[in-house]
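The values are calculated or read from the model by the stated rules, or taken from the named source; none is laboratory data. The structure displayed is predicted, hence computed values, not measured ones. Positions of Cβ are generated from backbone atoms using ideal geometry, with glycine treated the same way; all protein chains shown enter the neighbour counts.
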Amino acid sequence: MITESFYLGPTRRPVPLTSWDEVVSAAQAGVLDETQWVELKQDVPASSKSANLELAKDLASLSVDGGLLVIGVADADRKAGDVVGARLQGLETRIDQVAGGQITPPLSVTIVRVDHPDDDERGVLLVGVPASPDAPHMVDGAYWARGATGKRRLSDPEVRRLMTARQAQTAGFETRLRAMAEDFEIPALTRRKGHVYLLAEPLAPVHAQPAAGHHETLLQMVTSAVRFRPQFIPTIESLTYQRADPDGLAATSFPPTEQLKQDLYALRGLVADDGQIAMTSSGGTTDPSDFNGERPSQQFVDAGHILELTHCLAEITGHLSSERFSYGGPWRLGVRVDRLYGVPATAAMDDRMGRRFAGYPRAEFVRVVTATTGELVSQTPDVVGRLLEPLLRGLGVTSQYLPYTDPRSFAGGASRR
């Protein structure tokens with residue numbers, strides 16, 4: 001599904017541009033004026049080596065911070081002029097080919113066509129370029145970025161700084177993902193279960209009112225973002241205890257004064273002022289004794305809970321990104337599940353087919369992916385699948401859960417309410 005809003009910079013809300021009238025209104029309001037994040041072109045020259053290289057440079061330059069290439073709007077000294085439309089026949093395919101074949105590494109873009117109301121051959125083409133985790137991108141032997149006056153070639157020191165910053169950002173993300181275990185208030189001596197750690201961070205700075213400044217609870221914030229009723233314990237609906245936190249708005253499923261004696265049904269959530277969204281759950285593995293009161297026996301990986309909570313995180317991230325943070329750029333999302341070695345999936349608890357489910361072959365599962373705001377909003381199951389398919393494959397239960405369209409299909413596991 002095509003995203004309907006576009007990222008125009010960190011200080012502007014994502015703008016819906018799905019009709020001719022919306023494009024005209026945005027141009028007249030100055031929303032489409034050329035900036036570091038917006039490139040205007042009244043038309044694109046016919047396909048040639050030089051014209052395609054110029055187009056590739058435009059796309060690559062936008063990939064550093066994310067932005068929008070607008071084709072079909074007059075450039076009046078860097079101000080958006082008349083919306084005249086351009087001849088679009090074959091242009092979408094050409095842009096896809098340029099982004100994938102003349103930029104190194106290849107660049108993924110989103111293309112939306114807005115047809116002229118009176119001319120079937122003309123229209124406006126909107127090319128959304130997310131901030132790329134692989135930026136800067138090379139075209140014709142050089143790296144490109146944008147400044148206040150348009151695209152420019154990067155110097156060697158600038159390229160090194162950007163690459164070092166990207167590497168540090170990626171490494172730092174996994175470090176922060178692993179450090180989440182330190183904030184979960186369960187004494188190591190009483191811990192029995194595998195835990196799930198979920199983290200989402202924007203790839204570009206988010207400029208928004210601090211999360212803690214809103215007059216609502218974390219529970220209200222996250223439940224309004226989730227479009228289905230979670231069924232696996234602990235659910236996000238259990239985040240009823242507000243917590244004071246220096247980073248933003250936090251809550252847990254247990255009272256602040258309570259020292260947990262065991263890691264049963266424990267959940268912690270955080271929406272930070274810088275846009276970071278984090279959740280930690282004690283429900284990575286489950287034990288039949290959790291429900292029947294018997295003595296603890298064997299642990300099982302609760303794939304349904306992990307999938308459902310990951311889906312919740314993706315929905316919350318997409319909703320807050322577009323509705324709260326006014327951010328339409330890409331996100332980095334990560335999941336970590338620990339204490340997995342030798343633990344089978346919950347499918348082994350009720351195996352009427354007589355199959356043998358081997359335990360997970362490693363001590364932990366860690367996976368990090370990137371996704372655009374549009375993907376998080378409209379292609380949530382795809383993002384969840386990219387995050388968790390290797391875990392399900394290692395448990396031998398991929399076909400039981402993927403692909404899916406409705407997260408309610410996860411129901412039926414051992415920890416269903």
Could you go through region 59-67 and let me know if any residue there is in contact with a His (Cβ under 7 Å, 6 or more places away or on another chain), crowded, with 21+ Cβ neighbours inside 10 Å and at pLDDT 95 or above.
yes
Only one of these conditions is not met by ARG12: (1) of a type outside the set (Gly, Ala, Ser); (2) touching a helix residue (DSSP H, G or I) at 6+ places or on another chain (Cβ under 9 Å); (3) buried (at least 16 other Cβ atoms within 10 Å of the Cβ). Which number is it?
(2)
What is the number of the single condition among (1) surrounded by fewer than 19 Cβ atoms within 10 Å (Cβ to Cβ); (2) on the phi > 0 side of the Ramachandran plot; (3) modelled with pLDDT of 90 or more that PRO45 does not meet?
(2)
Would you be able to say whether some residue in region 20-30 is assigned to a loop (DSSP other than H, G, I, E, B) and in contact with a helix residue (DSSP H, G or I) (Cβ under 9 Å, 6 or more places away or on another chain)?
no
Out of VAL397, VAL383, report the one residue that is crowded, with 19+ Cβ neighbours inside 10 Å, within 30 Å of LEU68 (Cβ to Cβ), at pLDDT 90 or above and out of contact with any Lys or Arg (no Cβ under 6 Å at 6 or more places or on another chain).
VAL383
Please count how many residues of region 320-342 are under 17 Å from PRO16 (Cβ atoms), in contact with a helix residue (DSSP H, G or I) (Cβ under 7 Å, 6 or more places away or on another chain) and either at pLDDT 95 or above or assigned to a helix (DSSP H, G or I) (or both).
2
Filter region 249-265 for residues that are at pLDDT below 90 and either within 25 Å of ARG408 (Cα to Cα) or surrounded by 13 or more Cβ atoms within 10 Å (Cβ to Cβ) (or both) and give the result.
PHE254, LEU260, GLN262, ASP263, LEU264, TYR265
If a residue must be more than 25 Å from TYR327 (Cα to Cα), among the acidic types (Asp, Glu) and in contact with a Lys or Arg (Cβ under 8 Å, 6 or more places away or on another chain), how many such residues does region 37-87 contain?
2
Every pair of residues 6+ apart whose Cβ atoms lie under 7 Å, when the first sits in region 118-136 and is more than 30 Å from SER155 (Cβ to Cβ) and modelled with pLDDT of 90 or more while the second is assigned to a strand (DSSP E or B) and small (Gly, Ala, Ser)
ARG122/ALA86; LEU125/ALA86
Mind listing just one residue for me: the one in region 110-124 that is closer than 17 Å to GLY67 by Cα and surrounded by fewer than 21 Cβ atoms within 10 Å (Cβ to Cβ) and, of those, nearest to the chain's Cα centre (by Cα)?
THR110
Please go through region 37-50 and pick out each residue that is in a helix (DSSP H, G or I) and either within 30 Å of PRO10 (Cα to Cα) or of a type in the set (Ser, Thr, Tyr) (or both).
SER50
